[in-house]
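Chemist: Pasting a structure below so you can have a look.
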Amino acid sequence: MAYGWPQVIPLESDLCPASERIIYLKLTNCLLLVVAPSHLELWSCLQHKVRLGKYKRDSRSIEREGENAQAVWSPDGKLIVVITSFSYLHIFKVHFTEKRIQIGGKQPSGLFLATFSLLLSEHVPLSNTESVTSNIVCDSKNLLIGLSDGSLYNISWKGEFYGAFRPNLDPHDGNEATKLSYSRDNGLASDGVQGDFISSHHLPPRSAIIQLEFSMPLRLLFVIFSDGQLVLCSVSKKGLKQAESIKPEKWLGSGDAECASVASEQQILAVGTRRGVVELYDLAESTSLIRSVSLYDWGYSVDDTGAVSCIAWTPDNSAFAVGWKLRGLTVWSISGCRLMSTIRQIGLSSVSSPMVKPNQDFKYEPMMAGTSLMHWDEYGYRLYAVEERSLERIIAFSFGKCCLNRGVSGTTHTRQVMYGEDRLLIVQSEDTDELKILHLHLPVSYISQNWPVLHVAASKDGMFLAVAGLHGLILYDIRLKRWRMFGDVTQEQKIQCKGLLWLGKIVIVCNYIDSSNT
(Lines give C-alpha, C1' and ligand atoms only; values in the text may rest on other atoms or scores of the structure.)
Protein backbone atom coordinates (compact mmCIF):
# COMPACT_ATOMS: atom_id res chain seq x y z
CA MET A 1 0.00 0.00 0.00
CA ALA A 2 1.31 3.45 -0.91
CA TYR A 3 1.02 6.24 1.66
CA GLY A 4 1.94 9.90 2.04
CA TRP A 5 3.19 12.41 -0.48
CA PRO A 6 6.01 11.31 -2.79
CA GLN A 7 9.46 12.53 -1.83
CA VAL A 8 11.42 14.54 -4.38
CA ILE A 9 15.19 14.06 -4.74
CA PRO A 10 16.68 17.05 -6.62
CA LEU A 11 19.43 16.37 -9.14
CA GLU A 12 22.32 18.46 -10.38
CA SER A 13 21.60 20.57 -13.46
CA ASP A 14 22.82 18.89 -16.64
CA LEU A 15 25.00 20.30 -19.41
CA CYS A 16 22.84 18.57 -22.03
CA PRO A 17 19.28 19.73 -21.33
CA ALA A 18 18.26 18.88 -24.90
CA SER A 19 18.53 15.15 -24.06
CA GLU A 20 15.73 15.50 -21.51
CA ARG A 21 16.20 12.12 -19.86
CA ILE A 22 18.05 10.26 -17.16
CA ILE A 23 19.73 7.28 -18.81
CA TYR A 24 20.34 4.96 -15.81
CA LEU A 25 18.96 4.41 -12.32
CA LYS A 26 20.15 1.61 -10.04
CA LEU A 27 19.98 0.96 -6.29
CA THR A 28 22.18 -1.54 -4.48
CA ASN A 29 23.50 -1.79 -0.91
CA CYS A 30 21.44 1.28 0.04
CA LEU A 31 23.24 3.36 -2.59
CA LEU A 32 21.44 4.99 -5.52
CA LEU A 33 23.36 5.61 -8.76
CA VAL A 34 21.97 8.14 -11.22
CA VAL A 35 23.56 8.62 -14.65
CA ALA A 36 22.53 11.70 -16.65
CA PRO A 37 23.75 12.68 -20.15
CA SER A 38 26.70 14.67 -18.75
CA HIS A 39 27.22 13.58 -15.14
CA LEU A 40 26.92 10.85 -12.49
CA GLU A 41 25.52 11.11 -8.96
CA LEU A 42 25.69 8.71 -6.01
CA TRP A 43 23.13 8.98 -3.21
CA SER A 44 22.66 7.28 0.13
CA CYS A 45 19.22 5.67 0.43
CA LEU A 46 19.24 4.96 4.13
CA GLN A 47 16.85 6.78 6.45
CA HIS A 48 18.24 10.10 5.22
CA LYS A 49 18.70 10.67 1.49
CA VAL A 50 22.12 12.31 1.07
CA ARG A 51 24.18 12.88 -2.07
CA LEU A 52 27.58 11.31 -1.42
CA GLY A 53 29.38 12.27 -4.61
CA LYS A 54 29.15 13.34 -8.25
CA TYR A 55 31.21 13.39 -11.44
CA LYS A 56 30.65 16.02 -14.13
CA ARG A 57 32.10 15.77 -17.62
CA ASP A 58 33.31 18.95 -19.25
CA SER A 59 31.88 20.39 -22.45
CA ARG A 60 34.96 19.45 -24.52
CA SER A 61 34.66 15.79 -23.51
CA ILE A 62 30.97 15.76 -24.45
CA GLU A 63 31.66 17.44 -27.79
CA ARG A 64 34.48 14.98 -28.61
CA GLU A 65 33.04 11.70 -27.28
CA GLY A 66 29.30 12.33 -27.10
CA GLU A 67 26.77 12.33 -24.27
CA ASN A 68 26.32 9.44 -21.85
CA ALA A 69 23.93 7.05 -23.59
CA GLN A 70 24.00 3.71 -21.69
CA ALA A 71 25.36 2.67 -18.31
CA VAL A 72 25.65 -0.30 -15.96
CA TRP A 73 26.90 -0.78 -12.39
CA SER A 74 29.05 -3.80 -11.57
CA PRO A 75 27.53 -6.42 -9.21
CA ASP A 76 30.11 -5.60 -6.52
CA GLY A 77 29.35 -1.86 -6.78
CA LYS A 78 32.97 -0.87 -7.44
CA LEU A 79 32.89 -0.08 -11.17
CA ILE A 80 30.57 1.85 -13.47
CA VAL A 81 30.61 1.48 -17.26
CA VAL A 82 29.20 4.20 -19.50
CA ILE A 83 28.88 4.08 -23.27
CA THR A 84 28.50 7.45 -24.99
CA SER A 85 26.46 8.42 -28.03
CA PHE A 86 29.68 8.37 -30.12
CA SER A 87 30.42 4.77 -28.97
CA TYR A 88 33.11 5.61 -26.40
CA LEU A 89 33.56 3.30 -23.42
CA HIS A 90 34.16 4.95 -20.04
CA ILE A 91 35.00 2.90 -16.95
CA PHE A 92 34.71 4.66 -13.58
CA LYS A 93 35.77 3.45 -10.16
CA VAL A 94 33.87 4.46 -7.01
CA HIS A 95 36.02 5.45 -4.04
CA PHE A 96 34.77 6.17 -0.52
CA THR A 97 36.83 8.72 1.33
CA GLU A 98 37.45 8.96 5.07
CA LYS A 99 35.33 12.10 5.29
CA ARG A 100 32.30 11.16 7.36
CA ILE A 101 29.00 12.97 6.80
CA GLN A 102 27.41 14.33 9.97
CA ILE A 103 23.62 14.38 9.70
CA GLY A 104 22.70 15.28 13.25
CA GLY A 105 22.56 13.77 16.70
CA LYS A 106 25.30 12.35 18.87
CA GLN A 107 25.88 9.10 16.99
CA PRO A 108 27.96 9.08 13.75
CA SER A 109 25.95 8.52 10.58
CA GLY A 110 28.17 5.87 8.99
CA LEU A 111 28.05 7.76 5.67
CA PHE A 112 31.22 8.73 3.82
CA LEU A 113 31.76 11.02 0.85
CA ALA A 114 32.39 9.26 -2.48
CA THR A 115 34.49 10.18 -5.50
CA PHE A 116 34.60 8.86 -9.08
CA SER A 117 37.82 8.26 -10.98
CA LEU A 118 37.92 7.64 -14.75
CA LEU A 119 40.00 4.50 -15.33
CA LEU A 120 39.54 4.07 -19.07
CA SER A 121 38.22 5.95 -22.08
CA GLU A 122 38.32 3.98 -25.34
CA HIS A 123 36.36 3.97 -28.58
CA VAL A 124 34.34 0.78 -29.09
CA PRO A 125 35.51 -0.74 -32.41
CA LEU A 126 32.18 -0.98 -34.23
CA SER A 127 31.70 -1.06 -37.99
CA ASN A 128 30.13 1.87 -39.83
CA THR A 129 26.81 -0.01 -40.01
CA GLU A 130 26.71 -0.86 -36.29
CA SER A 131 25.56 1.24 -33.35
CA VAL A 132 24.58 0.53 -29.75
CA THR A 133 20.79 0.34 -29.53
CA SER A 134 20.11 -1.52 -26.24
CA ASN A 135 20.89 -1.26 -22.57
CA ILE A 136 23.88 -3.04 -21.00
CA VAL A 137 23.65 -6.28 -19.00
CA CYS A 138 26.50 -7.90 -17.13
CA ASP A 139 27.78 -10.67 -14.92
CA SER A 140 30.80 -10.44 -12.64
CA LYS A 141 33.31 -10.56 -15.52
CA ASN A 142 31.69 -9.38 -18.75
CA LEU A 143 29.26 -6.92 -20.32
CA LEU A 144 26.82 -7.52 -23.14
CA ILE A 145 25.17 -4.89 -25.37
CA GLY A 146 22.77 -5.13 -28.30
CA LEU A 147 23.53 -3.57 -31.68
CA SER A 148 21.50 -2.11 -34.52
CA ASP A 149 22.11 -5.12 -36.78
CA GLY A 150 20.80 -7.66 -34.26
CA SER A 151 24.24 -8.68 -32.99
CA LEU A 152 25.47 -8.89 -29.40
CA TYR A 153 28.75 -7.23 -28.44
CA ASN A 154 30.94 -8.50 -25.61
CA ILE A 155 33.24 -6.38 -23.42
CA SER A 156 35.09 -7.31 -20.23
CA TRP A 157 35.03 -5.21 -17.06
CA LYS A 158 38.74 -4.54 -17.76
CA GLY A 159 37.86 -2.81 -21.03
CA GLU A 160 38.79 -5.69 -23.34
CA PHE A 161 36.74 -5.79 -26.56
CA TYR A 162 35.79 -9.32 -27.59
CA GLY A 163 33.75 -8.22 -30.61
CA ALA A 164 30.25 -8.79 -31.95
CA PHE A 165 28.54 -12.10 -32.58
CA ARG A 166 25.14 -13.05 -33.91
CA PRO A 167 23.50 -15.95 -32.02
CA ASN A 168 21.67 -18.59 -34.02
CA LEU A 169 18.08 -17.39 -33.81
CA ASP A 170 16.59 -20.84 -34.44
CA PRO A 171 15.77 -22.43 -31.06
CA HIS A 172 18.04 -25.44 -30.58
CA ASP A 173 15.17 -27.77 -29.75
CA GLY A 174 13.68 -27.49 -33.24
CA ASN A 175 12.96 -25.11 -36.09
CA GLU A 176 9.52 -24.40 -34.74
CA ALA A 177 9.05 -22.36 -31.61
CA THR A 178 6.91 -23.48 -28.71
CA LYS A 179 3.23 -22.69 -29.16
CA LEU A 180 2.14 -20.19 -26.52
CA SER A 181 -1.42 -19.41 -25.53
CA TYR A 182 -2.09 -15.76 -24.89
CA SER A 183 -4.98 -13.39 -24.49
CA ARG A 184 -5.09 -9.71 -25.42
CA ASP A 185 -7.58 -9.03 -22.64
CA ASN A 186 -6.97 -8.17 -19.03
CA GLY A 187 -7.34 -11.23 -16.81
CA LEU A 188 -6.36 -14.88 -16.65
CA ALA A 189 -5.14 -16.79 -19.65
CA SER A 190 -7.78 -19.07 -21.06
CA ASP A 191 -7.15 -22.63 -22.17
CA GLY A 192 -9.50 -22.03 -25.05
CA VAL A 193 -7.48 -19.18 -26.55
CA GLN A 194 -5.44 -20.35 -29.48
CA GLY A 195 -1.83 -19.20 -29.63
CA ASP A 196 0.30 -18.44 -32.66
CA PHE A 197 3.27 -20.34 -33.98
CA ILE A 198 6.15 -17.87 -34.04
CA SER A 199 8.91 -19.22 -36.25
CA SER A 200 12.25 -17.63 -37.01
CA HIS A 201 11.28 -16.41 -40.48
CA HIS A 202 8.99 -13.83 -38.83
CA LEU A 203 12.07 -12.04 -37.50
CA PRO A 204 13.84 -9.83 -40.06
CA PRO A 205 17.54 -10.73 -40.14
CA ARG A 206 18.61 -7.14 -39.39
CA SER A 207 16.20 -6.17 -36.59
CA ALA A 208 17.89 -4.02 -33.96
CA ILE A 209 18.10 -5.20 -30.36
CA ILE A 210 16.36 -2.65 -28.13
CA GLN A 211 16.52 -4.32 -24.72
CA LEU A 212 18.39 -7.06 -22.86
CA GLU A 213 17.27 -8.63 -19.58
CA PHE A 214 19.62 -11.03 -17.78
CA SER A 215 18.99 -13.21 -14.72
CA MET A 216 22.17 -14.60 -13.18
CA PRO A 217 20.36 -16.97 -10.75
CA LEU A 218 18.31 -18.52 -13.58
CA ARG A 219 21.08 -18.15 -16.20
CA LEU A 220 18.57 -16.78 -18.69
CA LEU A 221 18.98 -13.94 -21.19
CA PHE A 222 15.97 -12.24 -22.79
CA VAL A 223 16.49 -10.33 -26.05
CA ILE A 224 13.88 -7.88 -27.39
CA PHE A 225 14.07 -6.74 -31.01
CA SER A 226 12.78 -3.54 -32.56
CA ASP A 227 9.93 -5.37 -34.31
CA GLY A 228 8.53 -6.61 -30.98
CA GLN A 229 9.89 -10.16 -31.02
CA LEU A 230 11.23 -11.60 -27.74
CA VAL A 231 13.74 -14.46 -27.56
CA LEU A 232 14.55 -16.49 -24.45
CA CYS A 233 18.18 -17.67 -24.34
CA SER A 234 19.89 -19.99 -21.90
CA VAL A 235 23.37 -19.06 -20.64
CA SER A 236 25.89 -21.70 -19.61
CA LYS A 237 28.02 -21.55 -16.49
CA LYS A 238 30.77 -19.94 -18.57
CA GLY A 239 28.79 -16.71 -18.46
CA LEU A 240 28.36 -14.01 -21.08
CA LYS A 241 31.92 -14.05 -22.47
CA GLN A 242 31.62 -16.75 -25.12
CA ALA A 243 29.10 -16.74 -27.94
CA GLU A 244 28.57 -20.50 -27.79
CA SER A 245 27.45 -20.23 -24.15
CA ILE A 246 24.33 -18.24 -25.20
CA LYS A 247 21.71 -20.49 -26.81
CA PRO A 248 18.30 -19.22 -28.00
CA GLU A 249 15.59 -21.53 -26.67
CA LYS A 250 12.21 -20.19 -27.79
CA TRP A 251 10.16 -17.19 -28.85
CA LEU A 252 7.89 -15.58 -26.27
CA GLY A 253 5.09 -13.03 -26.20
CA SER A 254 2.59 -11.65 -28.64
CA GLY A 255 5.04 -10.12 -31.08
CA ASP A 256 4.76 -6.59 -29.68
CA ALA A 257 7.19 -6.69 -26.74
CA GLU A 258 8.60 -3.36 -25.62
CA CYS A 259 10.38 -4.24 -22.35
CA ALA A 260 10.77 -7.15 -19.93
CA SER A 261 11.73 -7.81 -16.32
CA VAL A 262 12.34 -11.16 -14.64
CA ALA A 263 11.47 -12.13 -11.05
CA SER A 264 14.22 -14.67 -10.37
CA GLU A 265 12.86 -16.00 -7.06
CA GLN A 266 9.36 -16.57 -8.42
CA GLN A 267 10.66 -17.55 -11.89
CA ILE A 268 8.20 -15.23 -13.61
CA LEU A 269 8.84 -13.00 -16.59
CA ALA A 270 6.86 -9.76 -16.99
CA VAL A 271 6.67 -8.53 -20.58
CA GLY A 272 5.49 -4.98 -21.34
CA THR A 273 3.82 -4.55 -24.71
CA ARG A 274 3.09 -1.77 -27.15
CA ARG A 275 -0.61 -2.26 -26.33
CA GLY A 276 0.00 -1.03 -22.78
CA VAL A 277 -0.58 -4.54 -21.41
CA VAL A 278 1.80 -6.51 -19.18
CA GLU A 279 1.93 -10.28 -19.71
CA LEU A 280 3.24 -12.61 -16.97
CA TYR A 281 4.92 -15.87 -18.02
CA ASP A 282 5.78 -18.81 -15.77
CA LEU A 283 9.39 -19.73 -16.50
CA ALA A 284 9.17 -22.84 -14.33
CA GLU A 285 6.25 -24.32 -16.30
CA SER A 286 7.20 -24.28 -20.00
CA THR A 287 6.87 -20.47 -20.18
CA SER A 288 3.06 -20.60 -20.09
CA LEU A 289 1.12 -17.35 -19.81
CA ILE A 290 -0.22 -16.81 -16.28
CA ARG A 291 -2.23 -13.61 -16.75
CA SER A 292 -2.28 -10.18 -18.36
CA VAL A 293 -2.83 -6.90 -16.51
CA SER A 294 -3.70 -3.46 -17.86
CA LEU A 295 -5.69 -0.33 -17.04
CA TYR A 296 -8.48 -1.19 -19.49
CA ASP A 297 -10.89 -2.02 -16.65
CA TRP A 298 -10.24 1.41 -15.11
CA GLY A 299 -11.21 3.29 -18.24
CA TYR A 300 -7.78 3.85 -19.78
CA SER A 301 -6.54 2.54 -23.10
CA VAL A 302 -3.18 2.57 -24.83
CA ASP A 303 -4.13 5.94 -26.34
CA ASP A 304 -4.06 7.41 -22.81
CA THR A 305 -0.96 5.68 -21.39
CA GLY A 306 1.09 4.70 -24.41
CA ALA A 307 3.21 1.57 -24.53
CA VAL A 308 4.76 0.05 -21.41
CA SER A 309 8.16 1.69 -20.92
CA CYS A 310 9.56 -0.08 -17.82
CA ILE A 311 8.79 -2.79 -15.25
CA ALA A 312 10.38 -3.20 -11.80
CA TRP A 313 9.85 -6.10 -9.35
CA THR A 314 9.96 -5.70 -5.58
CA PRO A 315 12.94 -7.41 -3.92
CA ASP A 316 10.75 -10.27 -2.65
CA ASN A 317 9.06 -10.60 -6.08
CA SER A 318 5.59 -10.24 -4.51
CA ALA A 319 4.64 -7.19 -6.61
CA PHE A 320 5.80 -5.24 -9.63
CA ALA A 321 5.60 -1.64 -10.80
CA VAL A 322 4.69 -0.70 -14.36
CA GLY A 323 5.46 2.61 -16.06
CA TRP A 324 4.04 3.86 -19.36
CA LYS A 325 5.60 6.15 -21.94
CA LEU A 326 2.84 8.75 -22.07
CA ARG A 327 1.36 8.78 -18.57
CA GLY A 328 1.47 7.16 -15.19
CA LEU A 329 2.81 4.43 -12.98
CA THR A 330 0.93 1.52 -11.35
CA VAL A 331 1.86 -1.25 -8.89
CA TRP A 332 0.28 -4.71 -9.08
CA SER A 333 0.59 -7.74 -6.84
CA ILE A 334 1.82 -10.95 -8.40
CA SER A 335 -1.77 -12.23 -8.31
CA GLY A 336 -2.96 -9.32 -10.46
CA CYS A 337 -4.42 -7.03 -7.77
CA ARG A 338 -3.83 -3.33 -8.40
CA LEU A 339 -2.18 -1.87 -5.30
CA MET A 340 -1.42 1.70 -6.33
CA SER A 341 -1.73 3.98 -9.34
CA THR A 342 -0.72 7.57 -10.01
CA ILE A 343 -3.42 7.84 -12.69
CA ARG A 344 -6.71 9.21 -11.44
CA GLN A 345 -9.54 6.70 -11.55
CA ILE A 346 -12.49 7.39 -13.86
CA GLY A 347 -15.65 5.66 -14.94
CA LEU A 348 -16.67 4.16 -11.57
CA SER A 349 -19.45 5.30 -9.27
CA SER A 350 -17.87 4.14 -6.02
CA VAL A 351 -17.87 6.77 -3.27
CA SER A 352 -14.25 5.98 -2.47
CA SER A 353 -13.14 6.36 -6.09
CA PRO A 354 -11.67 9.76 -7.01
CA MET A 355 -13.81 10.91 -9.92
CA VAL A 356 -12.34 13.27 -12.48
CA LYS A 357 -14.24 16.50 -12.97
CA PRO A 358 -14.33 18.00 -16.48
CA ASN A 359 -12.35 21.07 -15.45
CA GLN A 360 -10.07 19.32 -12.97
CA ASP A 361 -6.42 20.37 -13.00
CA PHE A 362 -4.07 17.45 -13.59
CA LYS A 363 -0.84 19.26 -12.81
CA TYR A 364 -0.57 17.63 -9.37
CA GLU A 365 -0.69 14.07 -10.75
CA PRO A 366 2.73 12.39 -10.42
CA MET A 367 4.34 10.97 -13.55
CA MET A 368 1.88 12.88 -15.74
CA ALA A 369 4.37 12.95 -18.63
CA GLY A 370 5.12 9.22 -18.43
CA THR A 371 7.69 7.06 -16.65
CA SER A 372 11.14 6.31 -18.07
CA LEU A 373 12.98 4.49 -15.24
CA MET A 374 12.09 2.78 -11.93
CA HIS A 375 13.87 0.89 -9.16
CA TRP A 376 12.82 -0.43 -5.73
CA ASP A 377 15.01 -0.10 -2.68
CA GLU A 378 16.34 -3.36 -1.25
CA TYR A 379 13.64 -3.53 1.45
CA GLY A 380 10.67 -2.76 -0.79
CA TYR A 381 9.68 0.38 1.13
CA ARG A 382 10.49 2.90 -1.59
CA LEU A 383 9.95 3.01 -5.33
CA TYR A 384 12.27 5.47 -7.09
CA ALA A 385 10.96 6.69 -10.44
CA VAL A 386 12.07 9.11 -13.15
CA GLU A 387 9.53 10.99 -15.23
CA GLU A 388 9.86 11.11 -19.01
CA ARG A 389 11.72 14.17 -20.30
CA SER A 390 12.89 15.04 -16.80
CA LEU A 391 16.45 15.76 -15.69
CA GLU A 392 15.75 17.69 -12.50
CA ARG A 393 14.46 15.15 -10.01
CA ILE A 394 13.72 11.61 -8.88
CA ILE A 395 10.37 10.86 -7.26
CA ALA A 396 10.29 8.37 -4.36
CA PHE A 397 6.98 6.71 -3.43
CA SER A 398 6.58 5.24 0.07
CA PHE A 399 4.95 1.84 0.64
CA GLY A 400 3.72 -0.02 3.69
CA LYS A 401 3.71 -3.78 4.23
CA CYS A 402 1.05 -5.92 5.83
CA CYS A 403 1.59 -7.22 9.37
CA LEU A 404 0.61 -10.88 9.48
CA ASN A 405 -1.61 -11.19 12.56
CA ARG A 406 -2.15 -14.91 12.15
CA GLY A 407 0.46 -17.09 13.79
CA VAL A 408 0.80 -19.49 16.71
CA SER A 409 -1.32 -17.25 18.90
CA GLY A 410 -2.55 -14.62 16.47
CA THR A 411 -6.05 -13.74 15.37
CA THR A 412 -7.45 -11.15 13.00
CA HIS A 413 -8.52 -7.88 14.63
CA THR A 414 -10.78 -5.04 13.58
CA ARG A 415 -7.61 -2.96 13.84
CA GLN A 416 -5.14 -3.89 11.13
CA VAL A 417 -1.45 -3.06 11.32
CA MET A 418 0.86 -2.23 8.45
CA TYR A 419 4.38 -0.88 8.67
CA GLY A 420 6.70 1.35 6.70
CA GLU A 421 10.42 1.94 6.93
CA ASP A 422 10.19 4.10 10.08
CA ARG A 423 6.59 3.85 11.31
CA LEU A 424 3.54 1.73 11.99
CA LEU A 425 0.35 2.32 10.01
CA ILE A 426 -2.64 1.39 12.14
CA VAL A 427 -5.77 1.02 10.03
CA GLN A 428 -9.08 1.14 11.90
CA SER A 429 -12.71 1.72 10.97
CA GLU A 430 -14.67 4.72 12.17
CA ASP A 431 -18.39 5.04 12.98
CA THR A 432 -18.92 6.41 9.48
CA ASP A 433 -17.63 3.12 7.99
CA GLU A 434 -14.60 4.95 6.64
CA LEU A 435 -11.08 3.73 7.22
CA LYS A 436 -8.69 5.86 9.23
CA ILE A 437 -4.92 5.41 9.15
CA LEU A 438 -2.90 6.39 12.20
CA HIS A 439 0.80 7.04 11.54
CA LEU A 440 2.72 5.85 14.58
CA HIS A 441 6.37 6.94 14.28
CA LEU A 442 8.95 4.86 16.08
CA PRO A 443 11.05 6.65 18.73
CA VAL A 444 13.95 8.53 17.15
CA SER A 445 16.38 7.07 19.69
CA TYR A 446 15.59 3.59 18.37
CA ILE A 447 14.93 3.97 14.63
CA SER A 448 17.91 6.29 14.01
CA GLN A 449 20.26 3.45 14.99
CA ASN A 450 18.20 0.46 13.79
CA TRP A 451 16.52 1.64 10.57
CA PRO A 452 14.50 0.19 8.88
CA VAL A 453 11.60 -1.69 10.48
CA LEU A 454 11.89 -5.36 9.49
CA HIS A 455 9.40 -7.30 11.62
CA VAL A 456 6.10 -6.44 13.34
CA ALA A 457 3.81 -8.76 15.31
CA ALA A 458 0.59 -8.07 17.22
CA SER A 459 -0.46 -9.81 20.44
CA LYS A 460 -3.55 -12.04 20.54
CA ASP A 461 -5.81 -9.29 21.87
CA GLY A 462 -4.27 -6.73 19.51
CA MET A 463 -3.32 -4.38 22.34
CA PHE A 464 0.46 -4.84 22.13
CA LEU A 465 2.80 -4.58 19.17
CA ALA A 466 6.35 -5.93 18.94
CA VAL A 467 8.61 -4.16 16.45
CA ALA A 468 12.14 -5.10 15.37
CA GLY A 469 14.58 -3.16 13.19
CA LEU A 470 18.12 -4.13 12.22
CA HIS A 471 18.89 -4.68 15.90
CA GLY A 472 16.94 -4.89 19.12
CA LEU A 473 13.23 -4.95 19.84
CA ILE A 474 10.67 -2.45 21.13
CA LEU A 475 7.09 -2.89 22.37
CA TYR A 476 4.11 -0.59 22.01
CA ASP A 477 1.09 -0.49 24.33
CA ILE A 478 -1.90 0.70 22.28
CA ARG A 479 -4.04 1.43 25.38
CA LEU A 480 -1.42 3.52 27.16
CA LYS A 481 0.17 4.80 23.93
CA ARG A 482 3.58 4.10 25.36
CA TRP A 483 6.80 2.55 24.02
CA ARG A 484 8.98 0.11 25.99
CA MET A 485 12.64 -0.26 24.99
CA PHE A 486 15.82 -1.93 26.21
CA GLY A 487 17.53 0.00 28.97
CA ASP A 488 20.92 -1.30 27.88
CA VAL A 489 21.99 -0.42 24.32
CA THR A 490 24.60 -3.20 24.29
CA GLN A 491 21.85 -5.78 24.89
CA GLU A 492 19.79 -4.21 22.11
CA GLN A 493 22.64 -4.49 19.62
CA LYS A 494 23.06 -8.21 20.36
CA ILE A 495 19.59 -8.96 18.94
CA GLN A 496 19.22 -9.41 15.18
CA CYS A 497 15.62 -10.48 14.77
CA LYS A 498 14.84 -12.89 11.91
CA GLY A 499 11.33 -13.80 13.06
CA LEU A 500 8.80 -12.48 15.57
CA LEU A 501 5.55 -13.71 17.15
CA TRP A 502 3.51 -13.63 20.34
CA LEU A 503 2.74 -16.66 22.53
CA GLY A 504 0.23 -15.35 25.05
CA LYS A 505 2.00 -12.48 26.77
CA ILE A 506 5.44 -13.70 25.71
CA VAL A 507 7.28 -12.35 22.68
CA ILE A 508 9.30 -15.00 20.85
CA VAL A 509 12.27 -13.73 18.85
CA CYS A 510 14.23 -15.76 16.34
CA ASN A 511 17.67 -14.25 16.92
CA TYR A 512 20.70 -14.42 14.62
CA ILE A 513 24.11 -14.61 16.34
CA ASP A 514 27.06 -13.35 14.29
CA SER A 515 29.76 -15.21 16.18
CA SER A 516 28.21 -18.64 15.53
CA ASN A 517 26.55 -17.78 12.22
CA THR A 518 23.28 -19.25 13.55
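Chemist: Give just the number: which of (1) farther than 30 Å from PHE397 by Cα; (2) outside any strand (DSSP E or B); (3) touching a Phe, Trp or Tyr at 6+ places or on another chain (Cβ under 9 Å) does SER516 not satisfy?
Modeler: Here SER516 meets the rest and fails (3).
Chemist: What are the residue pairs meeting all of these: first residue in the range 464-481, first residue under 17 Å from HIS441 (Cβ atoms), second residue crowded, with 18+ Cβ neighbours inside 10 Å and of a type in the set (D, E, K, R), Cβ atoms under 7 Å, and 6 or more apart or on different chains?
Modeler: GLY472/GLU492
Chemist: Next question, about the same structure. Looking at the range 189-210, is at least one residue open to solvent by 50 Å² or more (accessible area, probe 1.4 Å), closer than 17 Å to VAL137 by Cβ and at pLDDT 90 or above?
Modeler: Yes.
Chemist: Is the range 56-64 home to any residue that is over 28 Å from TYR381 (Cα atoms), in a strand (DSSP E or B) and among the basic types (Lys, Arg)?
Modeler: So far as the range 56-64 goes, yes, one or more of its residues are over 28 Å from TYR381 (Cα atoms), in a strand (DSSP E or B) and among the basic types (Lys, Arg).
Chemist: Something else about it: Do we find a residue being outside any loop (DSSP other than H, G, I, E, B) and in contact with a helix residue (DSSP H, G or I) (Cβ under 7 Å, 6 or more places away or on another chain) anywhere in the range 280-293?
Modeler: Checked against the condition, which is being outside any loop (DSSP other than H, G, I, E, B) and in contact with a helix residue (DSSP H, G or I) (Cβ under 7 Å, 6 or more places away or on another chain), the range 280-293 yields no hits at all.
Chemist: Can you name the condition, by its number, that SER134 falls short on among (1) closer than 20 Å to LEU240 by Cα; (2) of a type outside the set (Asp, Glu); (3) assigned to a loop (DSSP other than H, G, I, E, B); (4) open to solvent by less than 10 Å² (accessible area, probe 1.4 Å)?
Modeler: (3)
Chemist: While we're looking at this one, here's another question. Here is a list of conditions, (1) in contact (Cβ under 8 Å) with a residue 24 or more places away in the chain; (2) out of contact with any Pro (no Cβ under 8 Å at 6 or more places or on another chain), and SER61 meets all of them except one; can you say which number that is?
Modeler: Among (1) in contact (Cβ under 8 Å) with a residue 24 or more places away in the chain; (2) out of contact with any Pro (no Cβ under 8 Å at 6 or more places or on another chain), the lone unmet condition for SER61 is (1).
Chemist: I would also like to ask the following. When only residues in the range 1-36 that are in a strand (DSSP E or B) and β-branched (Val, Ile, Thr) count, which is nearest to SER333 (Cα to Cα)?
Modeler: Result: THR28.
Chemist: Could you tell me which numbered condition HIS90 fails, if it satisfies all but one of (1) surrounded by fewer than 20 Cβ atoms within 10 Å (Cβ to Cβ); (2) touching a residue at least 24 places away in the same chain (Cβ under 8 Å); (3) touching a helix residue (DSSP H, G or I) at 6+ places or on another chain (Cβ under 9 Å)?
Modeler: Every listed condition holds for HIS90 apart from (1).
Chemist: Only one of (1) at pLDDT 95 or above; (2) open to solvent by less than 50 Å² (accessible area, probe 1.4 Å); (3) under 29 Å from the mean Cα position of the chain (by Cα) fails for SER121. Which number is that?
Modeler: So SER121 meets the others, but not (3).
Chemist: Quick one: would you say SER353 is at pLDDT below 85, more than 30 Å from LYS505 (Cα to Cα) and either hydroxyl-bearing (Ser, Thr, Tyr) or outside any strand (DSSP E or B) (or both)?
Modeler: In short, yes.
Chemist: Considering only the range 490-503, I want to know if a residue exists there that is in a loop (DSSP other than H, G, I, E, B) and within 26 Å of ARG382 (Cα to Cα).
Modeler: Within the range 490-503, one or more residues are in a loop (DSSP other than H, G, I, E, B) and within 26 Å of ARG382 (Cα to Cα).
Chemist: Moving on. Name the pairs: first residue in the range 499-518 and touching a residue at least 40 places away in the same chain (Cβ under 8 Å) and over 16 Å from ILE474 (Cβ atoms), second residue among the polar types (S, T, N, Q) and open to solvent by less than 60 Å² (accessible area, probe 1.4 Å), Cβ to Cβ under 6 Å, at least 6 apart or on different chains?
Modeler: The qualifying pairs are LEU503/SER409.
Chemist: If you don't mind, there's one more thing I want to ask. For the range 13-66, what are the residues that are acidic (Asp, Glu), at pLDDT 90 or above and surrounded by 16 or more Cβ atoms within 10 Å (Cβ to Cβ)?
Modeler: Across the range 13-66, the qualifying residues are GLU41, GLU65.
Chemist: Here is a follow-up. Which one is farthest from the chain's Cα centre (by Cα) among residues in the range 375-391 that are of a type in the set (Ser, Thr, Tyr) and open to solvent by less than 20 Å² (accessible area, probe 1.4 Å)?
Modeler: SER390
Chemist: Could you say which residue among SER292, SER288, SER301 is touching a residue at least 40 places away in the same chain (Cβ under 8 Å) and surrounded by fewer than 22 Cβ atoms within 10 Å (Cβ to Cβ)?
Modeler: SER288
The values are calculated or read from the model by the stated rules, or taken from the named source; none is laboratory data. Note that the structure is predicted; figures quoted are calculated from it, not measured. With ideal geometry, Cβ positions are generated from the backbone for all residues, glycine too; neighbour counts draw on all protein chains shown. Remember, those area values only see protein heavy atoms, side chains included, never the ligands or the DNA or RNA. Shrake-Rupley method; radii C 1.70, N 1.55, O 1.52, S 1.80 Å.
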